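The values are calculated or read from the model by the stated rules, or taken from the named source; none is laboratory data. From a predicted model like this one, the values you see are computed outputs, not experimental measurements. Virtual Cβ from ideal backbone geometry, glycine too; neighbours counted across all protein chains shown.
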């Protein structure tokens, strides 16, 4: 009898050890071109986002989180490779024809590759933008067990495409099917099918990127709410024309939020919510394309700038962490972090070594109540409009504009604690701070032949 009890005890201890070692699931949801103020929990008043607000109420809401870039492709590269744009392989949007973007290399270390090596099943559902079909940057060659969505971000400029991709197979469509719904369905299926093993689901949702297209069922209530825009026509690529794009934007956000609710409800249904970290964010600040009016919605709240700016409005984005039982409910964190922190965060939680190349710092201590290591500074480059650089160091924000032809362009300095709207350049009043920050612009930048920040000097 004693021997039997001993065996039972050993078995139970072994089971407990296995349970304790069970790797958490990861769901990373990133919407496209939504602003800091586009969600109820961040101040939005003109439409509701109840499911995203549910995440914030039952999880942690970050107030000082930053995107990898101020446009699509470099942000995605920053996330996947865990580096800022001064070190990234992709630092700007660059098209290849007939379909795709400049591909990341086959040997790039990416989050899905790291997680797949340690036993995770990986799936991506949405917009890729880091390669072309059949290229070395194709999702099927970058660590994804399953991919469904847009390989090319240019193709994602319409929500009624003629095709999507399922792994390396083209899925032909009739041009009348709302892509977001198809992608959402596949994402839910992936979560359902992999509920009994560790998985990483990446959902780079295309909403609310232009074009401002949405099924009428979600738009109609906002046509009544915003009738003053009924005579406005939003035009965008692929020849799209949308009546009342303001109402369409609100409808898109409503539909997207409902999809987030479906994800959360599914986790509860599968009884895996307590072992799944869900992160929600945006890839950059709000756009003003296709008839969208971010000023009307106060999409940036108190922040200055939009997509394609290195002011706060272009790069400060929401981050919500939802993990029942692990992350305390209703917490607002002012920890300064960025998209390139995702790789070390996932690595720590999955108990795998963090690659040495990363610029990121795990924010697991912030999520779990531990002692958090802080960044010395954050750095960005933008490779358009004359090129620009920006640094966040503590409360200080420094920006250099039009550096392509002037590598020593003057530094604009702001104190974000006192001036979150970056209204007053105080560089002349704080030469000591400018002197401290100035060398960091050079320190953080590694030259890239693919994306040169500075123009070549004439011989």
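Just a few scattered comments:
- Tally of residues being within 20 Å of residue 47 (Cβ to Cβ) and more than 23 Å from the chain's Cα centre (by Cα) across the range 247-288: 1
- Qualifying residue in the range 187-201 (condition: within 25 Å of residue 247 (Cβ to Cβ), in contact with a helix residue (DSSP H, G or I) (Cβ under 8 Å, 6 or more places away or on another chain) and either surrounded by 14 or more Cβ atoms within 10 Å (Cβ to Cβ) or not assigned by TED's automatic domain parsing to the domain that holds residue 290 (or both)): no
- From the options 290, 285, residue that is crowded, with 20+ Cβ neighbours inside 10 Å, in contact (Cβ under 8 Å) with a residue 40 or more places away in the chain and over 20 Å from residue 30 (Cα atoms): 290
- Some residue of the range 293-313 being part of a strand (DSSP E or B) and under 20 Å from the mean Cα position of the chain (by Cα): no
- Unique residue being surrounded by fewer than 18 Cβ atoms within 10 Å (Cβ to Cβ) and within 19 Å of the chain's Cα centre (by Cα) when the list is 359, 419, 334: 334
- Residue-level analysis places residue 66 outside the set of residues that are surrounded by fewer than 22 Cβ atoms within 10 Å (Cβ to Cβ) and either touching a helix residue (DSSP H, G or I) at 6+ places or on another chain (Cβ under 6 Å) or modelled with pLDDT of 95 or more (or both).
- Once the range 141-160 is narrowed to residues that are surrounded by fewer than 22 Cβ atoms within 10 Å (Cβ to Cβ) and touching a residue at least 60 places away in the same chain (Cβ under 8 Å), the residue that is farthest from residue 215 (Cα to Cα) is 154.
Let's see how each residue does on (1) buried (at least 17 other Cβ atoms within 10 Å of the Cβ); (2) modelled with pLDDT of 95 or more; (3) under 30 Å from residue 112 (Cβ atoms):
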position	(1), (2), (3)
346	yes, yes, yes
369	no, yes, yes
375	yes, yes, yes
378	yes, yes, yes
387	yes, yes, no
413	yes, yes, no
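The rows are residues; the columns are (1) buried (at least 22 other Cβ atoms within 10 Å of the Cβ); (2) free of Cβ contacts under 8 Å to residues at least 60 places away in the same chain; (3) more than 14 Å from the chain's Cα centre (by Cα); (4) not assigned by TED's automatic domain parsing to the domain that holds residue 352.
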| site | (1), (2), (3), (4) |
| --- | --- |
| 45 | no, no, yes, no |
| 52 | yes, no, yes, no |
| 60 | yes, no, yes, no |
| 81 | yes, no, no, no |
| 84 | yes, no, no, no |
| 90 | yes, no, yes, no |
| 93 | no, no, yes, no |
| 107 | no, yes, yes, no |
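Residue-by-condition table, conditions (1) modelled with pLDDT under 95; (2) in the same structural domain as residue 340 (by TED's automatic domain parsing); (3) farther than 29 Å from residue 323 by Cα:
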position: 226; (1), (2), (3): no, yes, yes
position: 237; (1), (2), (3): yes, yes, yes
position: 248; (1), (2), (3): no, yes, yes
position: 254; (1), (2), (3): no, yes, no
position: 262; (1), (2), (3): no, yes, no
position: 266; (1), (2), (3): no, yes, no
position: 277; (1), (2), (3): no, yes, no
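- Of all residues in the range 59-89 being touching a strand residue (DSSP E or B) at 6+ places or on another chain (Cβ under 6 Å) and part of a loop (DSSP other than H, G, I, E, B), the one that is farthest from residue 387 (Cα to Cα): 59
- Yes/no for residue 321 being outside the structural domain of residue 420 (by TED's automatic domain parsing), surrounded by 22 or more Cβ atoms within 10 Å (Cβ to Cβ), closer than 23 Å to residue 120 by Cβ and at pLDDT 95 or above: yes
- Scanning the range 410-437 for residues that are free of Cβ contacts under 8 Å to residues at least 40 places away in the same chain, under 23 Å from residue 384 (Cα atoms) and not in a loop (DSSP other than H, G, I, E, B) returns 412, 413, 414.
- If the condition is being in contact with a helix residue (DSSP H, G or I) (Cβ under 9 Å, 6 or more places away or on another chain), over 12 Å from residue 210 (Cα atoms) and in a loop (DSSP other than H, G, I, E, B), then the range 228-262 contributes 230, 232, 244.
- Residue within the range 221-242 that is in contact (Cβ under 8 Å) with a residue 12 or more places away in the chain, under 19 Å from the mean Cα position of the chain (by Cα) and surrounded by fewer than 18 Cβ atoms within 10 Å (Cβ to Cβ) present: no
- Residue in the range 161-182 that is surrounded by 14 or more Cβ atoms within 10 Å (Cβ to Cβ), in a helix (DSSP H, G or I) and free of Cβ contacts under 8 Å to residues at least 60 places away in the same chain present: yes
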